[in-house]
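Okay, structure first, notes after.
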Amino acid sequence: MMITAKIEVLNMKELQLKDLYDGFRDPEVIKGFAKLIEEEAKKLSHPINIMEVCGGHTHSIMKFGLPQLLPENINFIHGPGCPVCIMPKERIDHAYILADQEDTILVTLGDMIKVPGSRGSLQDIRAKGADVRFIYSPLDILKIAEEYPDKKIIFFAIGFETTTPMTTALIDIVLKRQIKNIFFHINHVTVPEVMVELIDSRDEHIDSYNNRIDAFLGPSHVSVITGSKIYEKFPKEHNRPVVVSGFEPVDVMEAILMIVKQFNEGRCELEIEYKRLVTYGGNLKAQALIENYFEKASLFKWRGLGNIPDSGYKLRPQFADIDAEKIYADILPNEEIEDHKLCICGDILRGMAKPDECTIFGTACKPQSPLGSCMVSSEGACAAYYKYGNLLK
Amino acid sequence: MCLSIPSKVVKIDKERNVAIVDTMGVQREAGLELMEEDDVKIGDFVLLHIGFIMNKIDEKDALESLKVYNEILEKLDEEDRQQMVIDDDNCENRGA
Ligand code: SF4
């Protein structure tokens, strides 16, 4: 194999936008890292399973065929980090009911609109005449509210720490400008709590190194906001190394090499690969906005995983005036709802099964007609397998 | 929902608290609400998420990573060339 160095950076003084993009996707660099990982992995005393918590990583890993580039003794376990996939039916039913109210426009982000709740998806209620809109940015809601002053605009807010501050930025604007027709249904969830839950629930089933999470690939953009500090307890208390990695394939490969080296050198640490964007402390202004408007909900139910303590946010009580969950408390049900019998999303989100182990994967359940939530979002493990499955080893 | 491409700031509109950024040739607006005042300047590389700038990209760190990657490639290149020489020296079919 002849390798030609393609990136001319040794004498480069000024960074170009293109370098930030191409430099971290360069196939030669990916191959280079594959070689280094292979060398390093020969020294491992046991196979290691690395969980990527974040759906963005799952997508990138599948898209660039990274599992094929890794030696047998390094395995990926796909984690629960797709905000759409973990949204339980109960919450989707809330959105459905809110959308069905008179003079209401329900707005939400991303693929949320396609996920089925117990009554149907937001797409279904829209087909029945409700005004449901998909937006690119929470800021778009300001325009909608201005255009429809007589309607109530309800934002069904979803996402991890990555998107939480954007919701609070909108709340900040709404309150400062005294906009009276925007309301919030908050479904923001947090990463460290679910990581603890995954370690604990899997440790119960440990019989070999096969089903153990040995290390974590820390989410890219969650960490931009929170800083790497939120993972400190994993190496310290749970004996699991964490390397915060960027989304680009080169980032992921570099982070894997860092993890393997930790094992070989007998270290168990928190490290940052994604240094160009992540610091230990994170974005303090964003954190202050969250702190100002939100407090932890004592429980949040994750689809497939059940109730996880302190893993969600809700509006602080003083903001009840804009809190759709409080305003519409009489019509929003609270009973628990079972997931589809054949869907094994729960096991997939726990990293205990791969999508192709589901008996209806690719047959009854496809991206066009999803039965479970992991098939809906492009970040979901089932959707990623469906799209890029032919690249698997 | 999380994937985003790096962008470069081309203009700042203080009045509306937005930056105009260039993302691979496409210009768009991004809210500055999550950034400290005057922290973002024209020419900065930033990361966007759902219509907001979520942080600046540290140019020094980015360049450093690219430099390390380059060195890795050069080293592997060197090893490959050495291996080819060794292979050639050990070639059993010499003279065949
Ligand atoms: S393929 Fe569909 S039904 Fe099966 S686990 Fe995935 S989302 Fe659930």
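The values are calculated or read from the model by the stated rules, or taken from the named source; none is laboratory data. Here the structure is a predicted model, which is why all the values come from computation and not from measurement. Cβ: placed from backbone, ideal geometry, glycine included. Neighbour counts: every protein chain shown.
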Could you tell me which numbered condition B:Asp38 fails, if it satisfies all but one of (1) outside any helix (DSSP H, G or I); (2) surrounded by 20 or more Cβ atoms within 10 Å (Cβ to Cβ)?
(2)
Selection from the range B:17-50 of residues that are within 13 Å of B:Pro6 (Cα to Cα) and of a type in the set (Gly, Ala, Ser):
B:Gly25, B:Ala30, B:Gly43
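With acidic (Asp, Glu) and under 11 Å from the mean Cα position of the chain (by Cα) as the only criterion, which of A:Glu90, A:Glu72, A:Glu52 stands out? Let's see the steps before the verdict.
On the way: A:Glu90 fails: under 11 Å from the mean Cα position of the chain (by Cα); A:Glu72 fails: under 11 Å from the mean Cα position of the chain (by Cα).
Result: A:Glu52 is the single residue among A:Glu90, A:Glu72, A:Glu52 that is acidic (Asp, Glu) and under 11 Å from the mean Cα position of the chain (by Cα).
Yes or no: A:Thr190 in contact with a strand residue (DSSP E or B) (Cβ under 6 Å, 6 or more places away or on another chain) and within 13 Å of chain B (Cβ to nearest Cβ)?
no
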Which one of A:Ser378, A:Ser373 is more than 10 Å from the ligand (Cβ to nearest atom), within 14 Å of chain B (Cβ to nearest Cβ), touching a residue at least 40 places away in the same chain (Cβ under 8 Å) and in contact with a helix residue (DSSP H, G or I) (Cβ under 9 Å, 6 or more places away or on another chain)?
A:Ser378
Looking only at the range A:334-353, decide whether some residue is over 24 Å from A:Asp214 (Cα atoms), among the aliphatic types (A, V, I, L, M) and within 8 Å of the ligand (Cβ to nearest atom).
yes
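Please note which helices (runs of 4 or more DSSP H) are completely contained in the range A:98-209 and include at least 1 residues that are touching a Ser or Thr at 6+ places or on another chain (Cβ under 9 Å) and of a type in the set (Val, Ile, Thr).
Working: elements: A:122-127, A:140-147, A:164-176, A:191-203.
Of the helices (runs of 4 or more DSSP H) lying wholly inside the range A:98-209, those with at least 1 residues that are touching a Ser or Thr at 6+ places or on another chain (Cβ under 9 Å) and of a type in the set (Val, Ile, Thr) span A:164-176, A:191-203.
Are any residues in the range A:46-97 in a loop (DSSP other than H, G, I, E, B), more than 14 Å from chain B (Cβ to nearest Cβ) and either on the phi > 0 side of the Ramachandran plot or in contact with a Leu (Cβ under 7 Å, 6 or more places away or on another chain) (or both), and if so, which ones? Let's see the steps before the verdict.
Filtering the range A:46-97 for residues in a loop (DSSP other than H, G, I, E, B) gives A:46-47, A:64-65, A:70-73, A:82-88.
Restricting the remaining residues to those that are more than 14 Å from chain B (Cβ to nearest Cβ) gives A:46-47, A:65, A:70-73, A:88.
Scanning the range A:46-97 gives A:Gly65, A:Asn73.
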Residue hits (the range A:381-393; crowded, with 21+ Cβ neighbours inside 10 Å and more than 10 Å from the ligand (Cβ to nearest atom)) are A:Ala384
Does any residue in the range A:110-132 that is away from every other protein chain (no Cβ under 14 Å) and more than 17 Å from A:Lys89 (Cβ to Cβ) come within less than 7 Å, Cβ to Cβ, of a residue that is part of a loop (DSSP other than H, G, I, E, B) and at pLDDT 95 or above six or more places away or on a different chain, and which pairs are these?
A:Ala130/A:Asp100
Consider only pairs whose beta carbons are under 6 Å apart and that are at least six residues apart or on different chains; among these, list those whose first residue lies in the range A:259-279 and is within 14 Å of chain B (Cβ to nearest Cβ) and whose second residue is surrounded by fewer than 17 Cβ atoms within 10 Å (Cβ to Cβ) and outside any loop (DSSP other than H, G, I, E, B).
A:Lys275/B:Asp61; A:Arg276/B:Asp61
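Condition test on A:Gly306, is it more than 14 Å from chain B (Cβ to nearest Cβ) and surrounded by 19 or more Cβ atoms within 10 Å (Cβ to Cβ)?
Numbers: more than 14 Å from chain B (Cβ to nearest Cβ): yes; surrounded by 19 or more Cβ atoms within 10 Å (Cβ to Cβ): no.
Judged against the criteria, A:Gly306 is not a match.
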Selection from the range B:43-95 of residues that are assigned to a strand (DSSP E or B) and more than 9 Å from every other protein chain (Cβ to nearest Cβ)
B:Val46, B:Leu48, B:Ile53
Of the conditions (1) away from the ligand (no atom under 16 Å from the Cβ); (2) crowded, with 21+ Cβ neighbours inside 10 Å, A:Cys358 clears all except one; give me its number.
(1)
Flag for B:Ile12 being touching a residue at least 24 places away in the same chain (Cβ under 8 Å) and either within 11 Å of chain A (Cβ to nearest Cβ) or among the acidic types (Asp, Glu) (or both)
no
Counting only residues in the range B:30-42 that are acidic (Asp, Glu) and more than 9 Å from chain A (Cβ to nearest Cβ), the one farthest from A:Ile173 (Cα to Cα) is identified as B:Asp38
